[in-house]
Structures are given as C-alpha cells and as structure tokens.
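Comments concern the structure below.
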Protein chains: 2
Amino acid sequence: MLIRTTTVSRPAVDGQLAALAGQQIICSEFTYRRGMEVFGEGEEAEYVYQIVSGTIRTYKMLCDGRRQINSFHLADDMFGLENGIIHRFTAEAVTQAKVRITSRSSLLDTIAQREPGQASLLNLVTRNLQHAENHMLLLGRKTALDKLAAFLLEMDERLAHPNVMSLPMNRRDIADYLGLTLETVSRAFSILRDDKMLRFDGQTQRQLVLLDREALVQLDA
Amino acid sequence: MLIRTTTVSRPAVDGQLAALAGQQIICSEFTYRRGMEVFGEGEEAEYVYQIVSGTIRTYKMLCDGRRQINSFHLADDMFGLENGIIHRFTAEAVTQAKVRITSRSSLLDTIAQREPGQASLLNLVTRNLQHAENHMLLLGRKTALDKLAAFLLEMDERLAHPNVMSLPMNRRDIADYLGLTLETVSRAFSILRDDKMLRFDGQTQRQLVLLDREALVQLDA
DNA sequence: CGCCCTGTTGAACTCTTTCAAAAAATGTGG
DNA sequence: CCACATTTTTTGAAAGAGTTCAACAGGGCG
C-alpha cells in the first residue's frame with residue numbers, strides 16, 4: 001500500500017470534495033506517475049479521490065486478462081467513492097496525475113451529520129451504479145456464453161436460488177440486456193442445455209433448472 | 001400521461017421508499033399490464049418507483065431501434081430516481097407489475113433539501129451512474145465506428161472543444177474503454193481520417209483535430 | 001545509431017448477426 | 001376440448017463485423 005499523505009496542502013477553494021467536506025476535513029494531495037496504481041479492486045476503500053490534473057482510468061478485469069475501462073477521469077472528476085468498504089474496481093494513472101485525497105469516513109460522517117437522509121438515498125444510487133459497473137464488464141468483454149451464464153446466475157441469486165427458475169422475460173429482452181440477438185441467446189441456451197448445465201422444466205422454455213452452478217460460475221469468471 | 005393515483009394505500013412498513021420518505025409522504029400504488037410504459041426517456045421525472053410485484057425493464061434506445069436494457073427490476077427494487085428533472089431512460093412492464101409510486105419532490109423535500117447550486121455527494125455519484133448508463137448503450141449496441149465517434153465527442157466535450165485535441169491515453173486504453181481491440185480502434189481512426197471527419201496534427205497520432213463534428217454526431221446517434 | 005514502444009495495415013479466422021424456415025407454446029372462439 | 005391464428009423459440013446457412021496473428025513503419029530516447 002502506498003503512503004498517500006506525502007504532500008499535505010490546503011484544499012483548493014473550488015474543489016468539489018473540499019466544498020463538500022468543509023475545511024475541517026483531512027485532505028491531502030499526491031502525484032501519481034504514469035501507470036501507477038491509485039487503488040486496486042478489492043482493496044479497502046479508505047479514501048475518496050478527486051483529480052487536480054492529469055488522467056486516471058478506472059477498470060475491472062476478468063481472470064484471463066480481459067479488461068474493461070469504466071471511465072477516464074479528468075480534472076475535477078471525483079472517483080473511488082464506495083458504498084461498502086471495498087473498492088469495486090482498480091484506478092491507475094494514465095498520465096502523471098495530481099490527486100486530492102480525502103478520508104472516506106470523515107467525508108461520510110460530515111455528510112451524514114449535515115444532510116441526514118441523503119446518506120440512505122446515496123446507498124440506493126450507489127447500488128445501481130455498482131450493477132452498471134458489473135454490466136459494463138459483461139457487455140464490453142464477455143462472450144455470448146459468458147453473458148448468458150452471468151445472466152442466469154444473476155437471476156438465480158435475485159430469485160433466491162429456487163429449484164425451478166421462472167424467467168419473466170422473453171428471449172428478446174434477455175438479448176437486449178446482454179447486447180446480443182435473440183437467436184444468439186437461444187443458441188447459447190441450447191449449448192448450456194446440451195452441456196448439462198441446465199434443463200428446461202415443463203412445457204415452456206422460460207422455466208428452467210440450473211444443474212451445475214459451479215460450471216456457470218466458471219464460465220462467468 | 002397516465003393517471004397514477006388510482007390505488008391509494010398505506011405504504012408497506014418494509015418498503016425502502018416508505019422508510020426513506022416517512023409516513024407523511026404521498027404514496028400510491030398502480031398496476032401496470034404487460035408491455036405498458038411506466039415512464040419514457042426524456043419525460044419529466046415527477047415520481048420515484050418501487051416494485052411491489054412483477055418485473056420492470058429500464059432501457060435506452062438508439063434512433064434506429066437498437067435497444068439496450070439497463071436492468072430488470074424485481075420486487076422491492078427502486079427505480080426512476082433522477083438527479084435532474086428528466087428521466088434518462090424508459091421503464092416498461094415486462095410482466096404485469098404492481099408498483100408503489102412516490103412524488104419525487106416530496107421525497108427530496110423530506111430528505112433535507114440542500115441549497116440549490118451547490119455540489120452534493122449524491123450529485124457526484126449520480127453523474128457517474130449517468131455516464132455508466134450511456135456507456136452500457138455504447139458497449140451493448142454500437143458498432144466500432146459508432147463507438148469511436150462517441151468517444152471522440154465525449155473527449156471533445158470534456159476538453160471544452162479545443163482546436164487540437166490531445167488524447168492522454170493510448171489505443172489500447174481506448175479499446176478497453178470501448179470494448180474493442182486496439183487494432184479495431186486503429187482501423188476506425190483510419191476510416192474517420194479517410195472520411196475527413198478528423199485529421200492528425202503534428203507527429204503523434206494522439207493529437208487530432210475534429211473536422212466534422214456533425215458527421216460524428218450522426219454516427220453516434 | 002539502434003532499440004523500444006506505439007500505432008498501422010494485411011490476411012485468415014471466429015463469433016455473432018442476418019435471413020429464412022420450421023417447431024413449439026400460447027391464446028381464441030366455437 | 002379441438003381447430004386455428006399468433007407469438008415465441010429453435011435451428012440452419014450465409015454473410016458480416018471484429019478479432020487474431022503477423023509484419024512493418026515511425027518517433028522518442030538512451
């Protein structure tokens with residue numbers, strides 16, 4: 001882990017974070033060289049960041065090295081604010097970048113005190129954001145089979161792992177969710193069926209049983 | 001526009017919206033039939049929604065009909081909360097769905113409304129979410145050329161429409177942002193150059209001039 | 001000058017889409 | 001309950017967009 005409190009400086013008056021947090025907040029600046037990591041996916045989210053100058057990329061990776069960059073952050077952009085205590089993606093300097101760093105807990109404490117209620121609303125929005133981040137990785141970097149496996153696991157989890165899963169949506173809806181055509185979705189279903197990862201239950205093709213969640217997780221990862 | 005205050009009912013105790021808003025908030029329920037639109041992209045965001053039962057899809061569309069579904073919302077999920085006054089996507093019933101509807105303004109009023117104009121944390125997170133929603137449409141439904149045009153317009157705007165645009169990132173970064181390979185990005189650059197939509201400036205291929213923003217917008221739309 | 005990094009271009013290949021047809025499921029009316 | 005129409009899903013074959021593998025070109029820097 002990097003030591004981040006190298007350059008302690010007075011927060012700029014116009015900085016969003018500084019404005020949000022007020023002057024009493026611990027706030028320092030650090031300069032990252034090209035390619036340096038600001039934080040990694042899975043690390044504890046101790047700080048919130050705002051760019052003073054330079055460019056930062058935030059991204060997720062699949063285990064085989066496929067990478068999906070969520071955003072390029074330029075001057076004044078904020079990033080790294082998490083709902084939970086863990087960073088959901090990695091942040092790296094694209095160019096040399098000067099970054100303003102604020103303690104997450106002190107920031108959130110201040111917000112909670114000053115604007116009670118906004119914190120819980122913030123939670124809801126952050127949850128949507130989290131879903132969107134995962135979905136960008138899926139859309140940008142997964143194959144048709146990966147996508148369908150991920151979709152089935154998502155539905156399985158949200159429906160609380162039922163024995164027989166009833167999908168409320170048709171193949172076109174699934175396709176438009178996964179960035180595919182309905183024919184490709186149908187073919188992917190057939191492959192998973194032939195490979196014994198699922199079977200259809202009853203007359204309809206919308207009721208199905210996941211036979212091998214492990215294998216689906218493998219595809220998704 | 002639909003009349004939504006059909007069934008006025010006491011908010012469920014465990015509902016997120018009710019919990020957020022408190023019991024004094026105007027809160028009603030409405031049942032949407034399969035295929036019905038809850039709200040459309042671009043409409044005024046008067047209400048916030050939470051699902052009681054059924055499934056709702058939220059999506060964006062390109063002008064030629066390509067559709068990208070952001071999320072399927074199931075029981076208890078909240079959706080439709082916007083930062084600004086306009087809905088950024090469309091919401092429709094996948095199945096018959098019962099939805100709890102709350103007035104946005106009364107919800108936000110209750111949640112200690114901050115003074116207008118000042119940056120809020122919620123604003124910052126919502127901006128990230130908004131970007132993610134647009135990017136999902138790009139990743140799921142746009143061609144390589146569309147994607148590069150969208151990227152260039154995004155950078156152009158964020159760099160305040162400079163004459164000569166200096167990209168801080170290399171082709172691989174752009175590729176990983178757009179869900180492409182670096183070779184495809186390079187080819188797309190060459191096509192846009194040959195079609196006189198941009199030209200490279202100076203020695204490097206990271207400095208460029210947008211020659212026809214209109215045409216790029218056309219590609220992106 | 002030569003090396004490394006970044007970017008471009010070509011050719012073969014692969015995955016997904018498109019177009020087409022048939023099969024399966026759902027709904028309707030007698 | 002059955003016949004018929006409609007919608008949804010599956011499957012096949014051909015076409016297309018993007019990837020992969022490979023070679024090369026140009027600039028920056030020791």
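No lab work stands behind these numbers, since they all come straight from the coordinates. Note that the coordinates shown come from a computational prediction; the quantities given were computed from them, not determined experimentally. Virtual Cβ from ideal backbone geometry, glycine too; neighbours counted across all protein chains shown.
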Links that overshoot a 24 Å alpha carbon limit, given the list A:K98/A:K142; A:K60/B:K196; A:K60/A:K196; B:K147/B:K196; B:K60/B:K98; A:K147/B:K98: A:K98/A:K142; A:K60/B:K196; A:K60/A:K196; A:K147/B:K98
Region A:64-221: projected area of the alpha-carbon convex hull, averaged over directions, in nm²: 12.1 nm²
DSSP-assigned coil residues among trypsin sites (Lys or Arg not before Pro) in region B:142-221, each with at most 10 further Cβ atoms within 10 Å: B:K196
Likely footprinting exposure, B:D176, B:D64, A:D146, A:D109, fewest C-beta neighbours within 10 Å first: B:D64, A:D109, A:D146, B:D176
Of A:A75, A:A45, A:I86, farthest towards positive along the dipole that unit charges on Lys, Arg, Asp, Glu beta carbons give region A:28-88: A:A75
DSSP-assigned coil residues among GluC sites (Glu not before Pro) in region B:131-205, each with at most 10 further Cβ atoms within 10 Å: none
P(r) weight above 18 Å for region B:142-220, C-alpha pairs, percent: 32 percent
